[in-house]
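For reference, the structure discussed in these notes is given below.
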Amino acid sequence: FPSHDNVSKNKDEYHDLLLRSKVAFSASLQETLGISIGVESLRAGCAPIVPSRLSYAEMFDGWCWTYPGYVADYEVTDPDDSSLSIVAEKIDLAMKNWNIAEIRSQYQEIYAEYFTGTRMYARLNSL
């Protein structure tokens, strides 16, 4: 599995990597808006594997792609650590069940819900 830190030197290379991938994994300790995973990776057709915390909790909780946030809170040094198996299972499921139509549908839902302002405009129009 390539890491964008080791492969991409700029945004274009990062996007090219996403376009060649089926899964985008994040263990971010900070992700204020969820743009790189919520928009970029889904738009490229990747199933995002994200911790259930930060903006991810609101955007992705309840989907099969989240894993408990505590798993990403510490550095795993023991390869037999059960936390690794939680993430490995999520990645394995995403790879086996990868469905571009489903990912595109979820991208559209997330984009409409969080990145268009539709909900805010509806609320403002109701005032």
If you count only protein heavy atoms with a 1.4 Å probe, what accessible area per residue comes out for the chain, rounded to a whole Å²? 64
Could you tally the net charge around Ala47, taking each other residue with its Cβ under 12 Å from the Cβ of Ala47, Lys/Arg +1 and Asp/Glu -1? +2
All lysines inside 21 Å of Lys11 as judged from Cα atoms, apart from same-chain residues fewer than 8 positions distant: Lys22
Charges only on Cβ, +1 for Lys and Arg, -1 for Asp and Glu: so what's the dipole of the chain about the Cα centre, in debye to the nearest 20? 620
Most mobile of Asp61, Asp12, Asp92 per a Gaussian network model of the chain (Cα springs, under 10 Å)? Asp12
Estimated D of the chain in µm² per second, where Rh is the Kirkwood radius over Cα pairs and Stokes-Einstein applies at 25 °C, 0.890 mPa s: 158
Cα lying deepest toward the dipole's positive end in the chain, options Leu19, Phe115, Trp98, charges on Cβ: Phe115
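The values are calculated or read from the model by the stated rules, or taken from the named source; none is laboratory data. Because the structure is predicted, anything quoted here is derived from the model rather than measured. Note that each Cβ is placed from the backbone with ideal geometry, even for glycine, and that neighbours are counted across all protein chains shown. The area values use the complete protein model at the heavy-atom level, side chains included, leaving out ligands, DNA and RNA. Shrake-Rupley method; radii C 1.70, N 1.55, O 1.52, S 1.80 Å.
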